[in-house]
Amino acid sequence: MDMRYPSHPDKVKNFSTEQLRAEFLIPELFKPGELTLTYSHIDRIIIGGASPTNTQPLELTASPKDLGAEFFLARREVGIVNVGGRGTVTVDGIVYSLEKLDCL
């Protein structure tokens with residue numbers, strides 16, 4: 001999991017475009033066959049991108065050390081927006097079908 005730390009507002013207001021991009025852009029959010037996660041200490045959020053292949057489902061997991069919890073949703077909620085084609089999300093054995101732009 002990529003970790004992002006806050007920058008002081010006085011520093012940020014003088015950043016160049018390149019510095020802003022380096023500090024805040026997540027350039028490879030969607031990688032085929034992978035789940036990518038970035039933890040932002042600015043808002044204490046985790047943003048992720050999942051791009052499953054037809055042959056391999058992806059599982060939402062992260063290191064308990066990074067999360068400060070035993071499992072991913074122990075201390076947080078999740079929102080899922082399907083920006084790709086038709087897919088499914090399985091939660092506690094229940095399968096939810098999602099079309100493009102559906103939310104769960």
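Where a number appears in this text, it was derived from the coordinates with a stated rule and is not lab data. Since this is a predicted model, take the numbers as computed values, not measurements. Counting neighbours? That spans all protein chains shown, and the Cβs are built from the backbone with ideal geometry, glycine included.
Some notes on this structure:
- Karplus-based coupling profile of region 5-21, in residue order and whole Hz: 10, x, 10, 5, x, 5, 6, 4, 5, 9, 5, 7, 4, 4, 5, 4, 4, with θ = phi - 60° in 6.51 cos²θ - 1.76 cosθ + 1.60 and x standing for Gly or Pro.
- Listed by chain and number, the aspartates and glutamates whose C-alpha is less than 16 Å from the C-alpha of residue 65, apart from same-chain residues fewer than 8 away, are 2.
- Length-normalised contact order for the chain - Cα pairs under 8 Å, 6+ apart - percent: 18
- Ignoring aspartates and glutamates fewer than eight residues from residue 13 along the same chain, the ones with Cα atoms less than 15 angstrom from its Cα are 23.
- The chymotrypsin sites (Phe, Trp or Tyr not before Pro) found in region 1-71 that occupy coil by DSSP, while having at most 14 further C-beta atoms within 10 Å, are 15, 30, 71.
- Extents of region 2-98, largest first, come to 48, 30, 18 Å (Cα atoms, principal axes, whole angstrom).
- When the Gaussian network model of the chain links Cα atoms closer than 10 Å, the mean-square fluctuations of 12, 91, 81 top out at 91.
- Among beta bridges identified by DSSP and lying wholly in the chain, the antiparallel ones come to about 80 percent.
- Annotation: lysines with alpha-carbon distance below 30 angstrom to residue 100 (same-chain offsets under eight excluded): 31.
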